[in-house]
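The values are calculated or read from the model by the stated rules, or taken from the named source; none is laboratory data. These numbers come from a predicted model, not from an experiment. Neighbour counts are summed over all protein chains in view; Cβ atoms, including those assigned to glycine, are modelled from backbone coordinates with ideal geometry.
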């Protein structure tokens, strides 16, 4: 199991991108849930006092926090890949040799 976790997290930023999309999907679910609760509150019945706002805010803020953590992780992975100082292409090295 540790080999699986090490191989997934060491060689790509795919887990960070998936964390970002999971956070966005939770936030979108919360927005639809807020709309549903609003329509339910207006037209059908009144739920318990405070329950609607607490549930909606927990889901919305939780999804936003997860997506922001994903954005920070993606940003840090891009910084890490830039600090390796690997050449972008081999063509750049070939052109540098031809200029001298």
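Can residue 51 be described as out of contact with any strand residue (DSSP E or B) (no Cβ under 8 Å at 6 or more places or on another chain), loosely packed, with under 12 Cβ neighbours inside 10 Å and more than 30 Å from residue 76 (Cβ to Cβ)? Taking the combined requirement at face value, the residue satisfies it. Taking the range 7-17 as the range and being closer than 18 Å to residue 76 by Cβ and surrounded by fewer than 12 Cβ atoms within 10 Å (Cβ to Cβ) as the test, the residues that pass are 8, 10, 11, 12, 14. Within the range 40-66, residues that are over 21 Å from residue 23 (Cβ atoms) sit with their Cβ atoms under 6 Å from residues that are surrounded by 12 or more Cβ atoms within 10 Å (Cβ to Cβ), at 6+ positions apart or across chains, in these pairs: 52/37. Considering 20, 29, 43, the condition of being surrounded by fewer than 10 Cβ atoms within 10 Å (Cβ to Cβ) and either in a helix (DSSP H, G or I) or in contact with a helix residue (DSSP H, G or I) (Cβ under 8 Å, 6 or more places away or on another chain) (or both) is satisfied by 43 alone.
Just one of (1) modelled with pLDDT under 80; (2) over 26 Å from residue 37 (Cβ atoms); (3) assigned to a helix (DSSP H, G or I) fails for residue 52. It is (2). Quick one: how many residues across the range 57-87 are more than 19 Å from residue 11 (Cβ to Cβ) and at pLDDT below 85? Residues flagged as more than 19 Å from residue 11 (Cβ to Cβ) and at pLDDT below 85 within the range 57-87 amount to 1.
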